Amino acid sequence: MSRILVAMSGGVDSSVAAALLHEQGHDVVGVWMRLHDVADSYSEFKKSCCSLDAADDARQVAAQLGIPFYVMNLEREFDAGVLQPFLTAYLDGRTPSPCVDCNTYVKFGALLGRARHLYECDAVATGHYARREVGPDGRARLRRARDEDKDQTYFLYGLRQDQLEHARFPLGELTKPDVRAVARSLGLATADKPESQEICFVPGGDYRDALRERAGWDPQPGPVLDADGTTIGEHPGSAGFTVGQRRGIGISADAPRYVSRIDPISNTIQLGRREDLETRIVPLSAVSFVAGAAPASHDGTFRAAVRIRHRATPVDALVRPVATDRAGRGRSWTVETDEPVWAAAPGQAAVLYDGDLVLGGGRIERSVTSGAA
């Protein structure tokens, strides 16, 4: 059996992940990560994974299981790999994917490194709903969870082979009701705890507060443009909007209007009708593949299903390289979807699948040909 570090958030999922590994006979070490100053406060409705009450819950479950428990300070790593990119993205008119960064740079980056060196652990386990397997070629593969409604592979596409090799996802074959049932059967303190429903470092739920408090954002009013470039109003600050947003724009029109483009340089947001935000061309940057390389083909192109946001339905597409490095590896790619996708927001992750197999993904770039940015 292996020595496995479990990232315990204080929620039911990571609690059950630890319990299952412990029951299987693994030598389990529980760790709660201190990531930012929200850890100095309590969550009023117990829906944050990073507040003091979450640490208390994780510690209580570890005690119930009889496993060692530690608090690990990863504030510096979280700030550099997650928080600063999050703030920068919004100020640049993009929509960040902080959970992707947290998994790639913190949980299966810094935490995995410390787990192996400080605690001599073979792997890091989390409460993600995902499946990991080792193929005939000896390489690790990432597959969607059995529970499609809870599948979280969208946030894990950035894991490299050396990370996925040491990753464990004990909940991959379970549904959420299954997990609750296991927790109740073991009498775990988190069995009926509500799910975390907020960005962990934005306890109030409004990212604009984080921009003001952590990035010194001083919002300035700017023009709101219609699809034809006509000024139709004024907004209180472009960083306070995201592509696809409809509520809170403050514009009356003959049909619903959505934010289609954000220009932080001119402090301008542009609106469009719903159909204006449809596109079949999605440019990607910073593309990575779980296998370490794109699927092989004679011309570099391949077919895949693309998901442009966590809850979006995957759409079949042709994926082609646009720019490569000296080794011939593509970093910029274009996804050409068979059917239009809606509100492809720059900065968000686009994840590529072959059935339930995660191929990889990248970050959506602004399009020069589509009003959907």
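The values are calculated or read from the model by the stated rules, or taken from the named source; none is laboratory data. Not measured: the values here are computed from a predicted model. Positions of Cβ are generated from backbone atoms using ideal geometry, with glycine treated the same way; all protein chains shown enter the neighbour counts. Keep in mind that these areas ignore ligands, DNA and RNA; they rest on the heavy atoms of the full protein, side chains included. Shrake-Rupley method; radii C 1.70, N 1.55, O 1.52, S 1.80 Å.
List of remarks:
- With all protein chains modelled, accessible area of S185 [1.4 Å, Å²]: 90 Å²
- Tensor-based shape of the stretch 67-117 (alpha-carbon gyration tensor, a/c under 1.5 rounded, otherwise prolate or oblate): prolate
- Cα gyration tensor shape of the stretch 40-160, rounded if a/c is under 1.5, else prolate or oblate by comparing a/b with b/c: rounded
- Rounded tilt (10° steps) of 12-23 against the dominant C-alpha axis of the chain: 30 degrees
- Taking 7 Å steps out from each Cα toward its Cβ at I265 and S285 produces label points 1.3 nm apart.
- Charged-residue dipole, Cβ positions (Lys, Arg, Asp, Glu), the chain about Cα centre, Debye nearest 20: 480 debye
- Helix 176-185 and the longest principal axis of the Cα set of the chain meet at an angle near 30°.
- For L359, the amide hydrogen comes within under 5 Å of the amide hydrogens of L352, Y353, D354, counting only partners 5 or more places away or on other chains and with H modelled in the peptide plane.
- Taking the C-alpha atoms only, the angle from helix 52-65 to the longest principal axis of the chain is near 30 degrees.
- Equivalent ellipsoid dimensions for the stretch 168-244 as semi-axes, Å, which come from the Cα gyration tensor, largest first: 44, 17, 10
- Tensor-based shape of the stretch 222-278 (alpha-carbon gyration tensor, a/c under 1.5 rounded, otherwise prolate or oblate): rounded
- Placing +1 on the Cβ of every Lys and Arg and -1 on the Cβ of every Asp and Glu, with nothing else charged, gives the stretch 155-272 a dipole about its Cα centre of roughly 320 debye.
- Helix-only [θ]222 nm of the chain, DSSP H runs n ≥ 4, -39500 (n - 2.57) each, per residue, nearest 500: -5500 deg cm²/dmol
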